[in-house]
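*Asks:* Before I ask anything, here is the structure I am working with.
The values are calculated or read from the model by the stated rules, or taken from the named source; none is laboratory data. Source: prediction; values computed, not measured. Cβ coordinates were reconstructed from backbone atoms using ideal geometry, including for glycine residues, and neighbour counts include every protein chain displayed. Only protein heavy atoms, including side chains, enter the accessible area calculation; ligands, DNA and RNA are left aside. Shrake-Rupley method; radii C 1.70, N 1.55, O 1.52, S 1.80 Å.
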Amino acid sequence: MKNSIIAEKSFQLALKGVQFYQQELLKNKDFVTERQFLRSVTSVGANIREAHNAQSKLDFISKLHIAQKECAETQYWLELMLAFKRISAVQFEYLNKECEEVFRILRSIILTTKRNLNLNS
């Protein structure tokens, strides 16, 4: 999984998220939305890495679900930062697009794995 597309995309998402956070700290005072964003954006890849070491296919699915939830949470913090004018629309679109791509890949992996295990939903 380390060389997988989702592992690479989530790692790149975390790098971009950390870079964004560091740039914002140079311009603005630290704010709760930025800290929460940093926590969730880095958690996506960490959970994908954990999935690589899952004890079973069900554990694998569970870890990827957590990564997917963290991705959705990251988007929530981006939306709040945009609403509070803590980020520009361009920054929002760029980071949100990256999150959406990771989210869609995760959803696809989860559904395919469930299908292969004959699990519903």
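One line per residue, one yes/no per condition, for (1) under 17 Å from A14 (Cβ atoms); (2) open to solvent by 50 Å² or more (accessible area, probe 1.4 Å); (3) under 18 Å from the mean Cα position of the chain (by Cα):
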position: E79; (1), (2), (3): no, yes, yes
position: A83; (1), (2), (3): no, yes, no
position: E93; (1), (2), (3): no, yes, yes
position: E101; (1), (2), (3): yes, yes, yes
position: L106; (1), (2), (3): yes, no, yes
position: I109; (1), (2), (3): no, no, yes
position: K114; (1), (2), (3): no, no, no
position: L119; (1), (2), (3): no, yes, no
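*Asks:* Go through (1) of a type in the set (V, I, T); (2) open to solvent by 40 Å² or more (accessible area, probe 1.4 Å); (3) not in a helix (DSSP H, G or I) and name the single condition I87 misses.
*Replies:* Here I87 meets the rest and fails (2).
*Asks:* Taking only pairs six or more apart or across chains, which ones have beta-carbon atoms under 9 Å, a first residue in the stretch 82-111 that is under 18 Å from K27 (Cα atoms), and a second residue that is of a type in the set (D, E) and open to solvent by 50 Å² or more (accessible area, probe 1.4 Å)?
*Replies:* As it stands, the answer is F92/E79, since those pairs meet every condition given.
*Asks:* Within the stretch 27-42, is even one residue aliphatic (A, V, I, L, M), at pLDDT 95 or above and surrounded by fewer than 16 Cβ atoms within 10 Å (Cβ to Cβ)?
*Replies:* Among the residues of the stretch 27-42, not one is aliphatic (A, V, I, L, M), at pLDDT 95 or above and surrounded by fewer than 16 Cβ atoms within 10 Å (Cβ to Cβ), which makes the answer no.
*Asks:* Working only within the stretch 43-65, note down all residues that are open to solvent by 50 Å² or more (accessible area, probe 1.4 Å) and under 14 Å from S4 (Cβ atoms).
*Replies:* Once the filter is applied, which keeps residues that are open to solvent by 50 Å² or more (accessible area, probe 1.4 Å) and under 14 Å from S4 (Cβ atoms), the stretch 43-65 yields R49, E50, H52, N53.
*Asks:* Cβ-Cβ distance below 7 Å, separation of 6 or more or different chains: which pairs start in the stretch 23-40 with a residue that is over 12 Å from L80 (Cα atoms) and end on one that is at pLDDT 90 or above and of a type outside the set (D, E, K, R)?
*Replies:* Sorted first by the residue in the stretch 23-40, then by its partner, the pairs are L38/G17; L38/V18; L38/Y21; S40/T74; S40/W77.
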